[in-house]
Amino acid sequence: MEHTTELISAASIAARVDEMAARLDEDYAVLGELVLVGVLKGSFIFLADLARRLSIPHRVEFIAVSSYGDRESDEAGEVRLIMDVRHPIVDKHVLVVEDIVDTGHTLSYLMRLLLARGPASLRACTLLHKPDRRQVDVQIDYVGFEIPDTWVVGYGLDFAERHRTLPNLCELVVDGS
Ligand code: IMP
């Protein structure tokens, strides 16, 4: 059996997302339209909240990837593209919006993929970052929270598709382990 214990409250998430949106408003104010590329499925709630707090002009795109093994990218860091963005990003200001950066393989793959398409700029934003788990050196421009090496669910993040719609971020505790 498993249970969840709160790591970050819904109120703390909301406050941090406010701050991140304010930073983006500032940083992109003079650049024109921003293309937010949400990484499915985990980022859908974070992206929805972040996008609705932005004052700058923006468009929303989604991209979906999967790692072999499907839980997290494996040691070899093999990541597959499952669904691409709908519109070309050439000459656009692009921000990749991730739920969590763990080993860094997924983000590194996405940044390489999107950079090759000639965007005007390309940055990465993640709600959560597990610095202790990093295997790949990839730049993250905006980080919501740094968290310890633990499995997190809620606010879009799942464990085997469960707990994704919890309003807060919780640590998944497997009882008896
Ligand atoms: P990375 O390629 O190892 O950085 O893994 C990133 C992906 O693994 C994320 O987009 C999530 O889908 C998944 N992931 C990593 N850690 C967690 C977690 O604690 N909870 C839920 N999903 C996670």
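The values are calculated or read from the model by the stated rules, or taken from the named source; none is laboratory data. Bear in mind the structure is a predicted one, so any value in this text is a computation, not a measurement. Glycine gets a Cβ as well: all are built from the backbone with ideal geometry, and neighbour counts include every protein chain shown. Calculation scope for accessible area: heavy atoms of the full protein, side chains included, ligands and nucleic acids excluded. Shrake-Rupley method; radii C 1.70, N 1.55, O 1.52, S 1.80 Å.
Being part of a loop (DSSP other than H, G, I, E, B), near the ligand (Cβ under 9 Å from one of its atoms) and under 28 Å from Thr4 (Cα atoms): is that true of Thr126 here?
Taking the combined requirement at face value, the residue does not satisfy it.
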Q: Take Gly144 and decide whether it is farther than 22 Å from Ala22 by Cα and either outside any strand (DSSP E or B) or at pLDDT 95 or above (or both).
A: no
Q. In segment 141-154, which residue that is touching a strand residue (DSSP E or B) at 6+ places or on another chain (Cβ under 8 Å) and within 10 Å of the ligand (Cβ to nearest atom) is farthest from Val101 (Cα to Cα)?
A. Gly154
Q) Assuming Leu128 fulfils every condition listed in (1) buried (at least 16 other Cβ atoms within 10 Å of the Cβ); (2) free of Cβ contacts under 8 Å to residues at least 40 places away in the same chain apart from one, which condition is it? A) (2)
Q.
Pull out all pairs, ordered by first then second residue, where Cβ-Cβ is under 7 Å, the residues are six or more apart or on different chains, the first lies in segment 157-177 and is exposed (fewer than 12 other Cβ atoms within 10 Å of the Cβ), and the second is part of a loop (DSSP other than H, G, I, E, B).
A. Asp175/Met1
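Val153: of a type outside the set (Lys, Arg) and under 14 Å from the mean Cα position of the chain (by Cα), yes or no? Steps first, answer last, please.
Details: of a type outside the set (Lys, Arg): yes; under 14 Å from the mean Cα position of the chain (by Cα): yes.
Criteria met by Val153.
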Q.
Restricting to segment 80-120, give me the number of residues that are in contact with a His (Cβ under 6 Å, 6 or more places away or on another chain) and either near the ligand (Cβ under 8 Å from one of its atoms) or of a type in the set (Asp, Glu) (or both).
A. 1
(Q) Taking the conditions exactly as written (more than 8 Å from the ligand (Cβ to nearest atom) and outside any loop (DSSP other than H, G, I, E, B)), does Asp132 satisfy them or not? (A) yes
Q: Any residue in segment 15-29 that's among the β-branched types (Val, Ile, Thr): show its pairings with residues that are open to solvent by less than 30 Å² (accessible area, probe 1.4 Å) and part of a helix (DSSP H, G or I) at Cβ separation under 6 Å, as long as the two are six or more apart or on different chains.
A: Val17/Leu50
